[in-house]
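Q: Sharing a structure here in C-alpha coordinates format.
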Amino acid sequence: MKYVVSVSKTYKHRGLHRHRASTKKFWYIYYYDEEFVFHSEQVNYLEALYYKTQKRKKIQYVCTECSNLFVGLVKSSKEKIECPYCD
(Lines give C-alpha, C1' and ligand atoms only; values in the text may rest on other atoms or scores of the structure.)
Protein backbone atom coordinates (compact mmCIF):
# COMPACT_ATOMS: atom_id res chain seq x y z
CA MET A 1 0.00 0.00 0.00
CA LYS A 2 1.20 3.49 -0.82
CA TYR A 3 0.91 6.27 1.75
CA VAL A 4 1.00 9.33 -0.55
CA VAL A 5 2.36 12.49 1.08
CA SER A 6 2.75 14.77 -1.96
CA VAL A 7 1.64 15.14 -5.59
CA SER A 8 3.44 17.73 -7.69
CA LYS A 9 4.75 18.67 -11.10
CA THR A 10 8.48 18.73 -11.66
CA TYR A 11 10.96 18.79 -14.51
CA LYS A 12 12.16 15.35 -15.58
CA HIS A 13 15.67 16.31 -16.77
CA ARG A 14 16.55 19.21 -14.53
CA GLY A 15 20.34 18.68 -14.14
CA LEU A 16 22.46 21.03 -12.02
CA HIS A 17 19.41 22.28 -10.10
CA ARG A 18 18.04 24.22 -13.05
CA HIS A 19 15.99 23.22 -16.05
CA ARG A 20 16.78 23.59 -19.69
CA ALA A 21 14.41 25.22 -22.14
CA SER A 22 13.71 21.86 -23.81
CA THR A 23 12.57 20.07 -20.64
CA LYS A 24 8.93 19.30 -19.89
CA LYS A 25 7.05 19.02 -16.62
CA PHE A 26 5.64 15.70 -15.42
CA TRP A 27 3.42 14.69 -12.50
CA TYR A 28 5.15 12.86 -9.65
CA ILE A 29 3.89 11.31 -6.43
CA TYR A 30 5.99 11.02 -3.29
CA TYR A 31 4.98 8.22 -0.95
CA TYR A 32 5.95 5.77 1.80
CA ASP A 33 5.53 2.02 1.29
CA GLU A 34 4.63 -0.64 3.90
CA GLU A 35 8.15 -0.57 5.42
CA PHE A 36 8.01 3.28 5.53
CA VAL A 37 10.69 3.73 2.88
CA PHE A 38 10.32 6.97 0.90
CA HIS A 39 9.79 6.67 -2.89
CA SER A 40 8.86 8.83 -5.87
CA GLU A 41 7.07 7.75 -9.02
CA GLN A 42 6.00 9.43 -12.25
CA VAL A 43 2.25 9.26 -12.91
CA ASN A 44 -0.12 10.53 -15.58
CA TYR A 45 -2.63 13.36 -15.15
CA LEU A 46 -5.60 11.17 -14.18
CA GLU A 47 -3.59 9.24 -11.61
CA ALA A 48 -2.34 12.54 -10.17
CA LEU A 49 -5.94 13.68 -9.65
CA TYR A 50 -6.74 10.41 -7.85
CA TYR A 51 -3.64 10.53 -5.64
CA LYS A 52 -4.40 14.13 -4.65
CA THR A 53 -7.51 12.83 -2.90
CA GLN A 54 -5.47 10.11 -1.14
CA LYS A 55 -2.79 12.36 0.39
CA ARG A 56 -1.87 11.78 4.03
CA LYS A 57 -0.30 13.97 6.69
CA LYS A 58 2.57 13.03 8.98
CA ILE A 59 1.48 13.96 12.52
CA GLN A 60 3.21 13.34 15.85
CA TYR A 61 1.08 11.92 18.65
CA VAL A 62 1.66 11.45 22.36
CA CYS A 63 0.07 8.44 24.04
CA THR A 64 -1.92 9.39 27.15
CA GLU A 65 -1.28 6.03 28.84
CA CYS A 66 2.44 5.40 28.30
CA SER A 67 3.57 8.98 27.38
CA ASN A 68 5.48 7.77 24.31
CA LEU A 69 5.85 9.92 21.22
CA PHE A 70 5.04 8.29 17.85
CA VAL A 71 4.37 9.39 14.27
CA GLY A 72 1.22 8.53 12.32
CA LEU A 73 0.26 8.98 8.67
CA VAL A 74 -3.39 10.04 8.66
CA LYS A 75 -5.78 11.65 6.16
CA SER A 76 -7.29 13.95 8.80
CA SER A 77 -6.07 15.27 12.14
CA LYS A 78 -9.35 14.05 13.69
CA GLU A 79 -8.56 10.44 12.76
CA LYS A 80 -7.77 8.30 15.82
CA ILE A 81 -4.90 5.82 15.72
CA GLU A 82 -3.70 3.33 18.31
CA CYS A 83 -0.38 3.57 20.10
CA PRO A 84 2.12 1.01 18.75
CA TYR A 85 3.86 0.74 22.14
CA CYS A 86 0.80 -0.04 24.27
CA ASP A 87 -0.22 -3.15 22.30
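The values are calculated or read from the model by the stated rules, or taken from the named source; none is laboratory data. A quick note: this is a predicted structure, and the numbers were derived from the prediction, not measured. We place every Cβ from the backbone using ideal geometry, glycine too, and count neighbours over all the protein chains shown.
Q: Please tell me if THR53 is at pLDDT below 90 and either among the β-branched types (Val, Ile, Thr) or surrounded by 12 or more Cβ atoms within 10 Å (Cβ to Cβ) (or both).
A: Here the answer is no, as THR53 does not meet what is asked.
Q: Picking from LYS52, LYS58, which residue would you name as being among the basic types (Lys, Arg), assigned to a strand (DSSP E or B) and either on the phi < 0 side of the Ramachandran plot or touching a helix residue (DSSP H, G or I) at 6+ places or on another chain (Cβ under 9 Å) (or both)?
A: Unique residue meeting the criteria: LYS58.
Q: When you scan the range 65-87, do you find a residue that is touching a Leu at 6+ places or on another chain (Cβ under 9 Å), at pLDDT 90 or above and either of a type in the set (A, V, I, L, M, F, W, C) or assigned to a strand (DSSP E or B) (or both), even just one?
A: Among the residues of the range 65-87, not one is touching a Leu at 6+ places or on another chain (Cβ under 9 Å), at pLDDT 90 or above and either of a type in the set (A, V, I, L, M, F, W, C) or assigned to a strand (DSSP E or B) (or both), which makes the answer no.
Q: In the range 59-72, is there at least one residue being β-branched (Val, Ile, Thr), within 19 Å of THR10 (Cβ to Cβ) and free of Cβ contacts under 8 Å to residues at least 60 places away in the same chain?
A: no
Q: Then there is this: Scanning the range 14-44 for residues that are surrounded by 10 or more Cβ atoms within 10 Å (Cβ to Cβ) and more than 25 Å from LEU73 (Cβ to Cβ), which turns out modelled with the highest pLDDT?
A: For the range 14-44, the residue satisfying everything is LYS25.
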